[in-house]
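*Asks:* I have a structure here, written as structure tokens, and I will follow up with some questions on it.
The values are calculated or read from the model by the stated rules, or taken from the named source; none is laboratory data. Please read all numbers here as calculations on a predicted model, not as lab measurements. Note that we place each Cβ from the backbone using ideal geometry, even for glycine, and neighbour counts take in every protein chain shown.
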Amino acid sequence: MSTTSSKLKVSELDFDVIKSNLKNFMGDQNEFADYDFDASALSVLLDLLAYNTHYNAFYLNMIINEMFLDTASIRNSVVSRAKHLGYTPQSVRGSKAYVDLTITPQDAPATIVIEKDTQFSSSVDGISYIFATSNSVTLNVNSNGIYTTANVELNQGIPLTHKYTANTTNPDQKFILPNSNTDTSTLTVQIQTSAEDSTTFTYALANDTTTVGATSNVYFLEESEDGRYEVLFGDDVIGRKPVTGNIVLLSSLIADANNTNGATTFAPVGSVGGYSTVTVSTLGSASGGAERDSISKIKFNAPRSFQAQNRAVTINDYKRIIERDYPAAESVVVWGGETNDPPVYGKVYLAVKPTSGLTLSTSTKNYIKDTILSNRNVVSVSPEITDPDYLYVTIDTAVKYDSTNTTLTAGSIESLLTNTIYQYGQSELGLFADQFRYSPLIKKIDETEPAIESSLTTIKLRRSFAPTLNVASSYTLKFSNEIPTIEGISQVSSTQFSHYDDADILRTECSLQESNGVLQVFRTSGSTKIVVANNVGAITYSSGNVALTTFKPIVITDGTANVDVTVSLESNDISPLREQILLISNNDISISMYDTGGTGAGASISNTTTSTTTTETTSTSSSSY
């Protein structure tokens, strides 16, 4: 029997271990010598004590987790930690559209003024949404007596204004934007002197407190409870403080996030500038709508925004600012002009892939340069926004399968394989720096259906360009991956076009090929290739550049504006360069099905090849299939 009480072990958090520690502790006491805790009512009390200890340990662990940005899981905790780094989570963003307006009035006014927040309607997927003019616009009459204005910005959202009467004696007064779908980028903060005096002063968002004085008309913005935003004012040391009786006016748009991306047709809700005869011409579909920052995005952006300190000096600064202030950017890449090809000093280049569509409109590019970056980048450095350079991975797969081992038809298996390849492209590609890896795709192909015995896949790279018809021009197509050198076998193919031969005769159904590094235009007559133009450029195998120098197509055969050029690759793994993005489209997936019937020899063949968008001049040997 123990004569001294043992110490209770308090370092364990598991329920069973806690209960065991309590039993051991009580068993070491003289009062409970030889006591059977498991067979007594005291076991219930031990359960209660163990649960209480376990709950408290779990509760305290969760509290500690919420004190750090990395481990916090509740939005309010994450937002609170982000405040310490000077980061305000992005609110919902309504999409933007740009239109030209034409008004034909019955009278002849000197000018027509379209007020800010004039409403227009548009429909996406059968749902109607409201857009509003971002600013007041003045229309002047042209020589035909018609009033026009160009490039009018429309922001999606319903205008809403909240009024508060300032009371400095109330320390708990808050100026809250009560709607969680408030687009804070459209927020206008004004202070009216009093209910009797309608004089108003517009306050600006304070982005840099080092430039804010005691009399600066600025406001501060931060996310409050439940995803709502709170407007705060200064204390007469950093920013002017409202006085009792001031009327605080908070005007903004209540937006529908990314639901309105793609809107193309706009109609006025009522009169515009006092007139009803209005013609709206859309310059580009609506874009830029985005949901508010998620918890994971706040965790990612807050420390990086703190590093950037709200200025654009380094390449990463530009990247983080665009990711923060233009949430409709799915992927961003930035590089200095000194590393450009050719080098351009004094510039920084940016490529942005939007969440909707493939490229940004000209107006959106100007918005990023003039609004987001202009006040943050170094004066001597000019930002240039370029479009992403899309390259398409073509997949040609020959698949052996055993029809006796499945109830699916060859067509059904082919559909599954097409979806497997397409989904690989959706999940693994589509962003800057995303690389194509051959072996993971092959593994997914072979695992698509148990009846598949083996597969042989050929990878090529395709890109499109729009040549100027009937004009001899130069084009450089950068594939940025090594192209193999195989004598007698062309590594370049293309879609078809019409082209004049050396005798000035127009030849149809021509294509590109290469011979010993020289690009040629050829056509076929039966199985014979006939060279139409012997030297229209050159190929650099090591860098993967295809340079057309005297290329003069007359007509694109398929009726489009583009010529597609496809190259073979030295490696099945593909790495994009800088602004390049790899994609896989359904049109670039070709599948051949070979039924082995359990023999492994491909006795009966069901060839259900999907047509591709390129015309191949050579094919990979599949004799074993």
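*Asks:* With (1) assigned to a strand (DSSP E or B); (2) over 24 Å from residue 324 (Cβ atoms); (3) of a type in the set (Val, Ile, Thr) as the list, and residue 176 as the residue in question, which single condition is left unmet?
*Replies:* The single condition residue 176 does not satisfy is (2).
*Asks:* Here's something else I'd like to know. Residues of region 213-223 being surrounded by fewer than 17 Cβ atoms within 10 Å (Cβ to Cβ) and in a loop (DSSP other than H, G, I, E, B), which ones?
*Replies:* 213, 214, 215, 216
*Asks:* Which residue out of 334, 393 is buried (at least 21 other Cβ atoms within 10 Å of the Cβ) and in contact with a helix residue (DSSP H, G or I) (Cβ under 6 Å, 6 or more places away or on another chain)?
*Replies:* Being buried (at least 21 other Cβ atoms within 10 Å of the Cβ) and in contact with a helix residue (DSSP H, G or I) (Cβ under 6 Å, 6 or more places away or on another chain) holds for just one of 334, 393, which is 334.
*Asks:* Also, I was wondering about something else. Within the bounds of region 440-461, is there any residue that is of a type outside the set (A, V, I, L, M, F, W, C), out of contact with any helix residue (DSSP H, G or I) (no Cβ under 8 Å at 6 or more places or on another chain) and assigned to a helix (DSSP H, G or I)?
*Replies:* Among the residues of region 440-461, at least one is of a type outside the set (A, V, I, L, M, F, W, C), out of contact with any helix residue (DSSP H, G or I) (no Cβ under 8 Å at 6 or more places or on another chain) and assigned to a helix (DSSP H, G or I), which makes the answer yes.
*Asks:* Now for a different question. Would you call residue 474 modelled with pLDDT of 90 or more, surrounded by 16 or more Cβ atoms within 10 Å (Cβ to Cβ) and assigned by TED's automatic domain parsing to the domain that holds residue 400?
*Replies:* Taking the combined requirement at face value, the residue does not satisfy it.
*Asks:* Condition first: among the β-branched types (Val, Ile, Thr) and modelled with pLDDT of 85 or more. Can you find one or more residues in region 81-94 that meet it?
*Replies:* Yes, region 81-94 contains a residue that is among the β-branched types (Val, Ile, Thr) and modelled with pLDDT of 85 or more.
*Asks:* Find the residue count for region 521-543, including only residues that are touching a Gly at 6+ places or on another chain (Cβ under 9 Å) and of a type outside the set (Ser, Thr, Tyr).
*Replies:* Residues flagged as touching a Gly at 6+ places or on another chain (Cβ under 9 Å) and of a type outside the set (Ser, Thr, Tyr) within region 521-543 amount to 2.
*Asks:* Just one of 38, 47, 34 is at pLDDT below 80, at positive phi and either outside any helix (DSSP H, G or I) or over 49 Å from the mean Cα position of the chain (by Cα) (or both); which is it?
*Replies:* 34
*Asks:* Would you please name the residue that is surrounded by the most Cβ atoms within 10 Å (Cβ to Cβ), looking only at residues in region 291-315 that are outside any helix (DSSP H, G or I) and modelled with pLDDT under 85?
*Replies:* 312
*Asks:* As an exercise: evaluate residue 434 against (1) in contact with a Phe, Trp or Tyr (Cβ under 7 Å, 6 or more places away or on another chain); (2) among the acidic types (Asp, Glu); (3) part of a loop (DSSP other than H, G, I, E, B); (4) surrounded by 16 or more Cβ atoms within 10 Å (Cβ to Cβ) and give the number of the one condition it does not meet.
*Replies:* All conditions are met except number (1).
*Asks:* Counting only residues that are within 41 Å of the chain's Cα centre (by Cα) and of a type in the set (Gly, Ala, Ser), which one in region 135-151 is nearest to residue 251 (Cα to Cα)?
*Replies:* Going through the qualifying residues, I end up with 136.
*Asks:* Ok, one more. I need the full set of residues from region 500-524 which are in contact (Cβ under 8 Å) with a residue 40 or more places away in the chain, among the aliphatic types (A, V, I, L, M) and buried (at least 18 other Cβ atoms within 10 Å of the Cβ), in order please.
*Replies:* 512 - this is the single residue of region 500-524 that is in contact (Cβ under 8 Å) with a residue 40 or more places away in the chain, among the aliphatic types (A, V, I, L, M) and buried (at least 18 other Cβ atoms within 10 Å of the Cβ).
*Asks:* When both residues are 6+ apart or on different chains and their Cβ atoms are under 8 Å apart, which pairs have a first residue that lies in region 475-492 and is touching a residue at least 60 places away in the same chain (Cβ under 8 Å) and assigned to a strand (DSSP E or B), and a second that is surrounded by 13 or more Cβ atoms within 10 Å (Cβ to Cβ) and among the charged types (D, E, K, R)?
*Replies:* 477/463; 478/389; 492/514
*Asks:* Being loosely packed, with under 13 Cβ neighbours inside 10 Å, more than 28 Å from residue 575 (Cβ to Cβ) and in contact (Cβ under 8 Å) with a residue 24 or more places away in the chain is the filter here, so list the residues in region 449-471 that pass it.
*Replies:* Hits for region 449-471 are 450, 470, 471.
*Asks:* I would also like to ask the following. Looking only at region 337-360, which residues are at pLDDT below 85, under 22 Å from residue 185 (Cα atoms) and out of contact with any helix residue (DSSP H, G or I) (no Cβ under 9 Å at 6 or more places or on another chain)?
*Replies:* Result: no residue meets the conditions.
*Asks:* Residues being β-branched (Val, Ile, Thr), outside any strand (DSSP E or B) and touching a residue at least 40 places away in the same chain (Cβ under 8 Å): count how many of those fall in region 392-416.
*Replies:* Number satisfying all stated conditions: 3.
*Asks:* Which condition number in (1) surrounded by fewer than 22 Cβ atoms within 10 Å (Cβ to Cβ); (2) in contact with a Pro (Cβ under 8 Å, 6 or more places away or on another chain) is the one that residue 348 fails?
*Replies:* (1)
*Asks:* Let me ask another. Name, by its number, the condition in (1) surrounded by 15 or more Cβ atoms within 10 Å (Cβ to Cβ); (2) closer than 21 Å to residue 497 by Cα that does not hold for residue 569.
*Replies:* (2)
*Asks:* Can I ask one more? Based on this model, can you work out whether residue 260 counts as surrounded by fewer than 17 Cβ atoms within 10 Å (Cβ to Cβ) and either touching a residue at least 24 places away in the same chain (Cβ under 8 Å) or closer than 25 Å to residue 192 by Cα (or both)?
*Replies:* Considered against the rule, which asks whether it is surrounded by fewer than 17 Cβ atoms within 10 Å (Cβ to Cβ) and either touching a residue at least 24 places away in the same chain (Cβ under 8 Å) or closer than 25 Å to residue 192 by Cα (or both), residue 260 comes out as no.
*Asks:* What do you reckon, is residue 374 touching an Asp or Glu at 6+ places or on another chain (Cβ under 8 Å), polar (S, T, N, Q) and modelled with pLDDT under 90?
*Replies:* When the stated conditions are applied, residue 374 does not pass them.
*Asks:* Being closer than 13 Å to residue 382 by Cα and not in a strand (DSSP E or B) is the filter here; which residues of region 316-351 pass it?
*Replies:* Hits for region 316-351 are 318, 337, 338, 344, 345, 346.
*Asks:* Now a separate question. Taking the residues in region 90-117 that are of a type in the set (Lys, Arg) and in a strand (DSSP E or B) as candidates, determine which candidate is nearest to residue 270 (Cα to Cα).
*Replies:* 96
*Asks:* Considering every residue within region 456-471, establish whether at least one is modelled with pLDDT of 90 or more, more than 28 Å from residue 545 (Cβ to Cβ) and over 25 Å from the mean Cα position of the chain (by Cα).
*Replies:* The answer is yes, given that some residue of region 456-471 is modelled with pLDDT of 90 or more, more than 28 Å from residue 545 (Cβ to Cβ) and over 25 Å from the mean Cα position of the chain (by Cα).
*Asks:* Sort out which residues of region 64-89 are within 28 Å of residue 232 (Cα to Cα) and either part of a helix (DSSP H, G or I) or among the hydroxyl-bearing types (Ser, Thr, Tyr) (or both), and write them in order of number.
*Replies:* Matches in region 64-89: 73, 75, 76, 77, 78, 79, 80, 81, 82, 83, 87, 88.
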